[in-house]
1. Within the range 131-155, what residues put their amide N at less than 18 Å from the label point 7 Å along the Cα-to-Cβ vector of residue 92?
2. What's the angle, to the nearest 10 degrees (0 to 90), between helix 159-171's Cα axis and the longest principal axis of the chain?
3. Place the peptides 25-31, 165-171, 203-209, 235-241 in order of packing, highest mean first, counting for every residue the other Cβ atoms within 10 Å and averaging per peptide.
4. Treating the angle as unsigned and between 0 and 90°, give the value, to the nearest 10°, between the Cα long axis of helix 124-143 and the longest Cα principal axis of the chain.
5. Taking the chain as a Gaussian network, Cα atoms linked when under 10 Å apart, which of 105, 87, 149 shows the biggest mean-square fluctuation?
6. Report the residue, chosen from 176, 59, 47, that carries the largest GNM mean-square fluctuation when the chain is represented by alpha-carbon nodes joined by springs under 10 Å.
7. Identify which of 34, 69, 233 has the largest mean-square fluctuation in a Gaussian network model of the chain, with springs joining Cα atoms closer than 10 Å.
8. State the volume of the convex hull built on the alpha-carbon positions of the range 1-79, expressed per residue in Å³ and rounded to an integer.
């Protein structure tokens, strides 16, 4: 196995219980700086629940989560985002009645360098900052070949382009770690091939680490350097793609005894 890079995200014995149900139990994940890591498993294995704990939607009942050596479990979602984690969702969550450009500008506003006073009075500092945000939003849209759609209403985009817009909006928060929850869901083969290339560009051009949940195994095996496998909330395997493909416990989890 090749040596992995320095840890950015680490979960230690991560778990959560809902009533009498242990949904996730003792999960040990690590995402290195600049890595693309897969988190796979059958439906109901606990993958999205892990994402929800990492991003502060759920508070773990056991274990810990660290980002860059700092404990983040128990922090609010907004604070975790400020620390450098952004995500997308299984079900696309856009501001559907807003334009493509405004969806990205909203995400960029955390970086705005002006106060309420400047905003209300439309002072030169406000106008300069808004112009910079617009420029940055268009640059990000251009990376995803969406700049020509900047004035379109988000709900009017084809499904695959809505998926890409959600990734752009997450990227606009300037994350260190991007969590992608089934980004290829609903995409046709051409859109999936484009997404594969874009994920590679995210790492190369933006230096962002990626933790990916995905059921398209061709995509996972092509882009992930390391893969973790969950089943019934427990980690049953981890390793490089070739090792995971040939792991009998993983095959059994996906295909059953047969």
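1. Counting backbone N atoms under 18 Å from the label point, the list is 141-155.
2. Compared with the principal axis, the helix lies near 80 degrees.
3. Packing order, densest peptide first, comes out as 165-171, 25-31, 235-241, 203-209.
4. Compared with the principal axis, the helix lies near 40 degrees.
5. 149
6. 59
7. 69
8. Cα-based convex hull of the range 1-79, divided per residue, equals 106 Å³.
Only the coordinates and a few stated rules stand behind these numbers; no lab work does. Computed from a prediction, not measured in an experiment: that's the story for all the values here. Heads up, the Cβs are rebuilt from the backbone with ideal geometry, glycines too, and the neighbour counts pull from every protein chain shown.
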